[in-house]
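The values are calculated or read from the model by the stated rules, or taken from the named source; none is laboratory data. Only a predicted model underlies this, so the values are computations on that prediction, with no experimental measurement involved. FYI the Cβ positions are ideal-geometry reconstructions off the backbone, even for glycines, and counts take in every protein chain you see. Ligands, DNA and RNA are stripped out before the accessible areas are found, and what is left, the full protein with its side chains, is counted by its heavy atoms. Shrake-Rupley method; radii C 1.70, N 1.55, O 1.52, S 1.80 Å.
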Amino acid sequence: PAYQNLRQKVDNFVSTHLDKQEWNPTMNKNQLRNGLRQSVIQSGMLEAGVDRIISQVVDPKLNHIFRPQIERAIHDFLAAQKKEESVPAPPPEPENKDPPAPSQDAS
């Protein structure tokens, strides 16, 4: 409903804005389009409409869909970190100070 409401508001705003313009074939369409875009942005209706859409669509899902997934991901990450900390590092390999013996070729 919030999306449909926003779309209707924008459609009405655009229609009203264009009705106020006096059309002639020599008009610069890009300037007209940019002026319309600026008017829509300055009206604030897009920002308010998007906020309403978020509150209708995202907020209801926040606690029962998103939060459990976020908590599970955090729990898995922390469990993996704890497991890494509890596994002792393998002992360092002893350094071999003697050079390897030269191979003997039997020719």
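Tabulated data for the structure shown
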read-out	value
Test: residue in segment 80-95 that is open to solvent by less than 100 Å² (accessible area, probe 1.4 Å) and modelled with pLDDT of 80 or more	yes
Test: residue in segment 80-90 that is under 26 Å from residue 6 (Cβ atoms) and either out of contact with any Leu (no Cβ under 8 Å at 6 or more places or on another chain) or not in a helix (DSSP H, G or I) (or both)	no
Failed criterion for residue 4 (all others in (1) of a type outside the set (A, V, I, L, M, F, W, C); (2) surrounded by 10 or more Cβ atoms within 10 Å (Cβ to Cβ); (3) closer than 30 Å to residue 58 by Cα hold)	(2)
Unique residue being surrounded by fewer than 10 Cβ atoms within 10 Å (Cβ to Cβ), basic (Lys, Arg) and modelled with pLDDT under 90 when the list is 61, 29	29
Pair list, Cβ under 6 Å, 6 or more apart: segment 1-18 residue in contact (Cβ under 8 Å) with a residue 24 or more places away in the chain and assigned to a helix (DSSP H, G or I), other residue surrounded by 11 or more Cβ atoms within 10 Å (Cβ to Cβ) and polar (S, T, N, Q)	2/56
